[in-house]
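Reading through the structure tokens given below for one structure.
The values are calculated or read from the model by the stated rules, or taken from the named source; none is laboratory data. Just so we're clear, the structure is a prediction, and the values are computed from it rather than from any experiment. Glycine gets a Cβ as well: all are built from the backbone with ideal geometry, and neighbour counts include every protein chain shown. For accessibility, only protein heavy atoms count, side chains too; no ligands or nucleic acids. Shrake-Rupley method; radii C 1.70, N 1.55, O 1.52, S 1.80 Å.
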Amino acid sequence: MANPSTVEPTRRDMLFIATGAVAAVGAGSVAWPLISQMNPDASTLALASTEVDVSSIPEGGSLTVKWRGKPVFVRHRTKKEIDEAVATPLAQLPDPQADKARVKKPEWLVVVGVCTHLGCVPLGAPGSRGEYDGWFCPCHGSHYDTSGRIRKGPAPLNLAVPTYDFLSDTKLRIG
Amino acid sequence: MSGPSTFVPQSALGRWFESRLPLGGLVHSSFIAYPTPRNLNYFWTFGAILSFMLVAQIITGIVLAMHYTPHVDYAFVSVEQIMRDVNWGWFMRYSHANGASMFFVAVYIHMFRGLYYGSYKAPREVLWILGVVIFLIMMATAFMGYVLPWGQMSFWGATVITNLFSAIPLVGEAITTWLWGGYSVDNPTLNRFFALHYLMPFMLVGVVVLHVWALHVTGQNNPTGVDVKNVQRDTLPFTPFATVKDSFALVVFLIFFSWWIFYVPNYLGHADNYIEANPLVTPAHIVPEWYFLPFYAILRAIPSKLGGVMAMFGSIAILAFLPWLDTSKVRSANYRPVYRVFFIVFVLTCIGLGYLGAMPAEGGYVLASRLLTLYYFGFFLVILPLLGMYETPRPVPATIADSVLPQGGARLQPAE
Ligand code: HEM
Ligand code: FES
């Protein structure tokens, strides 16, 4: 008997491979819709942006608004808080980013209020702001500074800055 | 151990059916004539208890699903309606919620039993791995079930656990969004969790069938860890011996279960879960259900997001490799004096991790979690492989009969 590896491929081998390839493409093209249906649907993607009137927020205070199902913190920073954020050397930051890259106007800090560790909402009321005067996440102990940057704890990244625009001095559009 | 069945139905109709579908023979050979080692102790009754709990969860669950609404605006209210308005609704819900806990009590005893008596060793590796698969599906089912009442712990537990996947490099964020069907835990998440929570117990049924099949191929292990050598002397038929013992243990277990349902139905739950989910406020102290606490403690012991997630999943995955990590040829810890001590410390470590998982992640608690996490992994990765080489086991009885019968059952006459 001939060694099978030296036998010339036959037309039948060709047919097997071609049929198998078509079956694989067919299976894949049915699998993809089954997987993709779980991604955000059109109505979720179309979620309107949120407009916020910030005129009522006193210096040192902050407001939490809901955007895409998540909290967004709008904080009216004091002079001291801004100075602290600007003066921090980048070398001290786990996720180095300058304060000016995170704000449009220094007195207004806008960040997504979702801890970058496992998604809790950090606390930001006076007295529970953590060791760096920003936010403290009680879930597993992450501390954020007055620029929303991670300083201590298990969270790997700074609080995210959403896309936003000032429509006027007191009106903000997030998203 | 089970050969072709010699079962012959009594009635003509039975014989007619049996020759077309030998269902009776299957039941007879698996649960009536099936030979069980004669020295099994009460730790061997938890398999039956677990099977009962799975059926109980499915029945109470289907009843709850008839009254429950998987929508963020109605879920919480519908569960309150089950509690207050639906006839016997409180009973169904308390049975289901506490039933999940009892299911885990039983599975942990069942698993530690396997660990103590070396039930994972050859030839039972596949049986053991199927058990690990059952454990994983159970955890996923219970996690998604806890999300359904849509209280604060439901919501924030779901948020923290789904965010674990965001630790995966590059694709993590995309996977999390995909799991959520949005940008946070929201209505699409609740809806799909309900669909999966309904599905997974039936997947469990399938894997349990494989688990029992594998068990009936290799036969049960027993407290001596010695193989059955003589079916006449070493074993007893499943019915009545195991059937009656299992039923008695089940009744005792049901008394324990009832105590939770009727006297302290909310003790194992969390008060925050009676507050409706609020995506803008995280409770001050998030804790998972008690049966997840040891793994939660491991997650928090590691000071890095990806590292913590890997350690947590690793602590479960490592169980699947146990048959190859333990190098000792002796199965039962009764004859392994040194392993026995390490085993007891391991059980205490798991309980300790459970305690630490419920404590805030700060100061001494973190340090203690790290030490216990180290022991947890050290037990599997260092102690078990080395112990098999250095430990001197005590002499093992020659046969099962020798260990429990006078003169090793020499006077027992073969039944045939
Ligand atoms: C492996 C079996 C199962 C386990 C471990 C399990 C676990 C759980 C848990 C822990 C809860 C939360 C209870 C609470 O705090 O209120 C729950 C709720 C629920 N489960 Fe299951 N379950 C199982 C099977 C099923 C099945 C087969 C169904 C059928 C559809 C079901 C339907 C429900 C429903 C509708 C709820 C929401 C009502 C409620 O919160 O009480 N479950 N489940
Ligand atoms: S979620 Fe904030 S520290 Fe873990």
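A cut-off under 11 angstrom between Cβ atoms defines the neighbours of residue B:157, and their net charge, with Lys, Arg +1 and Asp, Glu -1, is -2. Charge tally around residue B:230: other residues with Cβ under 12 Å, Lys/Arg +1 each, Asp/Glu -1 each, net 0. With a ≥ b ≥ c the root eigenvalues of the C-alpha gyration tensor of segment A:21-175, is it rounded (a/c under 1.5), prolate (a/b larger than b/c) or oblate? Judged from the Cα gyration tensor, segment A:21-175 comes out prolate (a/c at least 1.5, a/b above b/c). Between B:141, B:162, B:392, the GNM of chain B built on Cα springs shorter than 10 angstrom shows B:392 fluctuating the most. Comparing A:74, A:114, A:22 in a Gaussian network model of chain A (Cα springs below 10 Å), the most mobile by mean-square fluctuation is A:22. Straight-line cross-link reach from residue A:80 at under 30 Å between alpha-carbon atoms covers these lysines, not counting any fewer than eight positions away in the same chain: A:66, A:70, A:100, A:104, A:105, A:152, A:171. In chain A, helical runs assigned H by DSSP with n ≥ 4 each contribute -39500 (n - 2.57); averaged across all residues and rounded to the nearest 500, the mean residue ellipticity at 222 nm is -7000 deg cm²/dmol.
Using 0.36 nm per residue and subtracting the Cα-Cα separation, the extra length available between residue A:8 and residue A:170 on full extension is 50.4 nm. In this Cβ point-charge picture (+1 for Lys and Arg, -1 for Asp and Glu), the protein assembly as shown has a dipole of about 1100 debye about its Cα centre. Partnerless cysteines in the protein assembly as shown, where a partner means another cysteine C-beta under 4.7 angstrom, comprise B:350.
Sparse packing (at most 12 other Cβ atoms within 10 Å of the Cβ) combined with a DSSP loop state is found for the following trypsin sites (Lys or Arg not before Pro) in segment B:1-64: B:20. In a DSSP loop and with at most 16 other Cβ atoms within 10 Å, the GluC sites (Glu not before Pro) in segment A:14-119 are A:59, A:107. Where only DSSP H runs of four or more residues are counted, chain B gives -19500 deg cm²/dmol as its mean residue ellipticity at 222 nm, each run worth -39500 (n - 2.57). Taking amide hydrogens as placed 1.01 Å from N in the peptide plane, the amide H of residue A:135 sits under 5 Å from those of A:144, A:145, each at least 5 positions away in sequence or on another chain.
Against the criterion of solvent-accessible heavy-atom surface with a 1.4 angstrom probe, B:260, B:324 sort, most first, into B:324, B:260. In order along segment B:265-271, the Karplus-derived 3J(HN,Hα) couplings, from 6.51 cos²θ - 1.76 cosθ + 1.60 at θ = phi - 60°, round to x, 10, 4, 7, x, 10, 4 Hz, and Gly and Pro are given as x. Between the Cα long axis of helix B:152-163 and the first principal axis of chain B there is an angle of about 80°, rounded to the nearest 10. Around the amide H of residue A:114, modelled in the peptide plane, lie the amide H atoms of A:160, all under 5 Å away and 5 or more residues distant in sequence or on another chain.
Straight-line cross-link partners of residue B:229 among the aspartates and glutamates, defined as a Cα under 14 Å from its Cα and at least 8 positions apart when in the same chain: B:402.
Roughly how tilted is helix B:363-378, in degrees to the nearest 10 and between 0 and 90, from the longest Cα axis of chain B? With rounding to tens, the tilt is 30 degrees. Charge tally around residue A:163: other residues with Cβ under 14 Å, Lys/Arg +1 each, Asp/Glu -1 each, net +3.
For chain A, the longest principal axis of the C-alpha atoms and the axis of helix A:11-36 are separated by about 20°. Shape analysis of segment B:221-367 places it in the oblate category; the axes a ≥ b ≥ c from the Cα gyration tensor give an a/c of at least 1.5, with a/b not above b/c.
Comparing mean-square fluctuations of B:331, B:394, B:93 from a GNM of chain B with C-alpha springs under 10 Å, the top value falls on B:394.
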